[in-house]
Every structure is written in structure tokens, then in C-alpha cells.
1. If Gly22 satisfies every condition in (1) surrounded by fewer than 22 Cβ atoms within 10 Å (Cβ to Cβ); (2) of a type outside the set (S, T, N, Q); (3) within 21 Å of Asp137 (Cα to Cα); (4) over 11 Å from the mean Cα position of the chain (by Cα) but one, which is the exception?
2. Return a yes/no flag: does region 98-106 have any residue that is under 19 Å from Val151 (Cα atoms) and modelled with pLDDT of 95 or more.
3. Just to verify a result, which residue in region 78-96, among those that are touching a Lys or Arg at 6+ places or on another chain (Cβ under 7 Å) and either in a helix (DSSP H, G or I) or without any contact (Cβ under 8 Å) to a residue 12 or more places away in the chain (or both), is most open to solvent (accessible area, probe 1.4 Å)?
4. Of all residues being without any contact (Cβ under 8 Å) to a residue 40 or more places away in the chain and touching a strand residue (DSSP E or B) at 6+ places or on another chain (Cβ under 6 Å) in region 138-166, which is nearest to Leu89 (Cα to Cα)? Just the residue, please.
5. Condition first: of a type in the set (Gly, Ala, Ser) and either closer than 18 Å to Asp137 by Cα or crowded, with 18+ Cβ neighbours inside 10 Å (or both). Can you find one or more residues in region 58-70 that meet it?
6. Given (1) buried (at least 16 other Cβ atoms within 10 Å of the Cβ); (2) more than 17 Å from the chain's Cα centre (by Cα); (3) closer than 21 Å to Phe38 by Cβ, where does Tyr120 come up short, assuming only one miss?
7. Out of the residues in region 1-54 meeting the condition of being among the β-branched types (Val, Ile, Thr) and part of a helix (DSSP H, G or I), tell me which one is nearest to Leu83 (Cα to Cα).
8. Exactly one condition in (1) touching a Lys or Arg at 6+ places or on another chain (Cβ under 7 Å); (2) under 24 Å from Asp93 (Cα atoms); (3) modelled with pLDDT of 95 or more is not met by Val27; state its number.
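The values are calculated or read from the model by the stated rules, or taken from the named source; none is laboratory data. Values in this document were obtained by computation on a predicted structure and should not be read as measured data. Note that each Cβ is placed from the backbone with ideal geometry, even for glycine, and that neighbours are counted across all protein chains shown. We work out accessible area using only protein heavy atoms, side chains counted, and drop any ligands, DNA or RNA first. Shrake-Rupley method; radii C 1.70, N 1.55, O 1.52, S 1.80 Å.
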Amino acid sequence: AHAWALLGAIGIATESVALGTGVTAPVFRHNPAAVAQFIATIEEMCPGRAFLGIGSGESLNESPCGMDWPPVPEQIARMEEALEIIDRLLDGDRLDHRGRFFRTKAAYLHTRGERRPPVYVSAFGPQAATVAGRLGDGVWTMGDPEMANPVIDAYRGACEDAGREP
């Protein structure tokens, strides 16, 4: 099933559970402006409960839609550009964007809740963790200490460099 449809149904059937994705990949299938609209709609429907998980995606989900799967640096670059768009739209900006991967024309979220939903970024390596530290409200990674510790360290360092609280 598609997570976005399920979250709307869960939101109507519940009163307090947090609602979000873990994770949506605004790499090919999901345009970042549509992703921002999705989470803004969930927040409007279910105030105080929405969160957005963002990741760089995986071939399993993207390749069947006809996309050639890019190398990791391009995946992360796409995610980073998407996060910049999502962030500005969630902040209420009207956005004309002409980037390397995405374009918007006067994109604007006409429906936004009173609260800005937090955006958590999935990271399996230091490069994605650095993006999470600059543009996310938190980081998600694997529980394996050998893998998690370098990711968390990179995330904390990027937060510090950006003057943000991890």
C-alpha cells in the first residue's frame, strides 16, 4: 500500500499517534513540492502529529518506475536539493526554483498547519549525515553501533558547523 494514503486513514482513525513516513524519497517518483504538500496536509488534518522522514531512496522502489538508479553521490545530491525545496515550502515561501534536479514555478503550500512538521533525514554514511545536520530536524540510521556511531558523529559535527542543536 502507499504510505501517504494509509497515513490519512490512520490519522482519521486515531487521535494521538504520530503520523509520518520513515522514509519518503524525493529522488524520482516523488517531487519535493508534492512531498511538502503531503506532509503539510497531514499536519493540517491531524495537528501536532505529523513528521516527515526523508531519504535518498533505493533502487527497489525507484527502478520499477523506469528510472536508472544513480550512484550514491547523486542520490544524496538529489535528496539535498529536495530538502532545500521542502524546507522553504514548509516555511511558507512561494518558490521559483531551477536546480540541478528539480524545478518549481511559484510553488506554494496553500494548506499548512499552525506547526511546521519536523523533518528527519535517513543516513547510512557521513555524507548523508552531514546533509541531515544542515537541513534536517534529526537523523535516522541503523542501530548497529559500528555503522551508527560514525553517522551520528558526522551529524553532530554538521549541526555544530551550522549552528544548530542536534
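1. The number of the failed condition is (4).
2. Start the filter on region 98-106 by keeping residues that are under 19 Å from Val151 (Cα atoms), which leaves none.
The answer is no, given that none of the residues of region 98-106 is under 19 Å from Val151 (Cα atoms) and modelled with pLDDT of 95 or more.
3. Ranking the candidates gives Asp96 first.
4. Taking region 138-166 and keeping what is without any contact (Cβ under 8 Å) to a residue 40 or more places away in the chain, we get 138-139, 141-166.
Now narrow it down to the ones that are touching a strand residue (DSSP E or B) at 6+ places or on another chain (Cβ under 6 Å): 138-139, 155.
On the way: Gly138: 18, Val139: 20, Tyr155: 23 Å.
Looking at the filtered set, the residue picked out is Gly138.
5. No, region 58-70 has no match at all.
6. Of the numbered conditions (1) buried (at least 16 other Cβ atoms within 10 Å of the Cβ); (2) more than 17 Å from the chain's Cα centre (by Cα); (3) closer than 21 Å to Phe38 by Cβ, the odd one out for Tyr120 is (2).
7. Within region 1-54, the first condition is being among the β-branched types (Val, Ile, Thr), and the residues that meet it are 10, 12, 14, 17, 21, 23-24, 27, 35, 39, 41-42, 54.
Retained after the next criterion (residues that are part of a helix (DSSP H, G or I)): 10, 12, 35, 39, 41-42.
On the way: Ile10: 25, Ile12: 27, Val35: 10, Ile39: 13, Thr41: 17, Ile42: 18 Å.
This residue is Val35.
8. (3)
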